[in-house]
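The values are calculated or read from the model by the stated rules, or taken from the named source; none is laboratory data. Predicted model only: the values in this text are computed from it and were never measured. All Cβ positions, even for glycine, are placed from backbone atoms using ideal geometry, and neighbour counts span all protein chains on display. These accessible areas exclude ligands, DNA and RNA; they are computed on the full protein's heavy atoms, side chains included. Shrake-Rupley method; radii C 1.70, N 1.55, O 1.52, S 1.80 Å.
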Amino acid sequence: MNKNMVMLEALHRYYALWRESNAMYEEWAKTQGLSLNSILILYAFYDHGDCCTQKMISQKWTIPKQTVNTILKDFETKGYIELLPMHADKRNKIIHLTPKGKYFCDSIITQLHHMELYVMEKMGIERMTSLNDNLALFIDLFRKGETLGDV
């Protein structure tokens, strides 16, 4: 088998694993009665205390603003968040977790962390570090390749 075929097979395996990883998180989210995007929005709150903006969430997790807006409306209806106008820009709103929302967010993200830390414990920190380093290298080289045009 020639070198290009070997590399294409490795790339196809990467795609399959990437899809499976996304599907795995989506399936886990469904067991919580949520979508993956809802989990990512909760993660944004978990990372930034109890307040964010829609733009911040959309940019951090590359979720379309309309999708973020739809999920936030659902969270607002359930009493998890409240939207407050920003003093500097009245068109944008600061999104605060309510006490009910903070409890919900913490319980979901704690369960997710429990699963992820279990996996990392079984994998070992060396493998996890290698996984992250290799993915970072792939991203860096891909971006450099974009600037080269036809590689």
**Study point:** Between the range 36-73 and the range 1-31, the Cα center-to-center distance that results, in Å
**Key:** 26
Exercise for review: Over all alpha-carbon pairs in the range 33-99, figure out the percentage whose distance exceeds 19 Å.
Suggested key: 22
Exercise for review: Express the carbon and sulfur contribution to the solvent-accessible surface of the range 54-105 as a percent, rounded to the nearest whole number, probe 1.4 angstrom.
Suggested key: 57
Study note, to complete from the structure: Counting sequence-distant residues (5 or more places) and residues on other chains, those with an amide H built under 5 Å from that of ASN92 are MET86
Check your understanding: Which value in deg cm²/dmol, rounded to the nearest 500, describes the helix-derived mean residue ellipticity at 222 nm for the chain, given -39,500 (n - 2.57) per DSSP H run of n ≥ 4 and division by the residue count?
Key -> -25000 deg cm²/dmol
Review point. Full extension from TRP18 to SER35: what is 0.36 nm times the residue separation minus their Cα-Cα distance, to one decimal in nm?
Key: 4.4 nm
Check your understanding: Can you tell me the accessible area per residue over the chain, all protein chains present, probe 1.4 angstrom, in square angstrom?
Key -> 74
Practice item. In debye, nearest 20, what is the charge dipole magnitude of the chain about its Cα centre with +1 on Lys and Arg Cβ and -1 on Asp and Glu Cβ, if you could check? Key: 440
Study note, to complete from the structure: Using the Kirkwood formula on alpha carbons, the hydrodynamic radius of the range 63-151 in angstrom works out to 17.1
**Study point:** Which listed pairs, of LYS93/LYS144; LYS122/LYS144; LYS73/LYS100; LYS102/LYS122; LYS30/LYS122; LYS30/LYS100, have C-alpha distances above 27 Å, in listed order
**Key:** LYS93/LYS144; LYS122/LYS144; LYS102/LYS122
**Study point:** Cleavage-rule hits (trypsin sites (Lys or Arg not before Pro)) in the range 69-134: DSSP loop, at most 16 neighbouring Cβ within 10 angstrom
**Key:** LYS78, LYS90, ARG91
Review point. Which of GLY49, GLY124, GLY33 moves most in a GNM of the chain, Cα contacts under 10 Å?
Key: GLY124
Point to revise | Normalised contact order of the chain, rounded percent, pairs of Cα under 8 Å and 6 or more residues apart | key: 17
Revision key, fill the gap. Computed ³J(HN,Hα) along the range 32-44: with the Karplus parameters 6.51/-1.76/1.60, θ = phi - 60°, integer Hz and x for glycine or proline, the list is 9, x, 10, 9, 4, 4, 5, 4, 5, 5, 4, 4, 4
Practice item. Any chance you could give the angle, 0 to 90 degrees and rounded to 10, that helix 99-123 forms with the longest Cα principal axis of the chain? Key: 20
Point to revise | More than 26 angstrom apart: percent of Cα pairs within the chain | key: 42
**Study point:** Along each principal axis, Cα extent of the range 1-53, largest first, Å
**Key:** 54, 23, 12
Practice item. Relative to the longest principal axis of the C-alpha atoms of the chain, give the angle of the C-alpha long axis of helix 65-77, reported between 0 and 90° and rounded to the nearest 10°. Key: 40
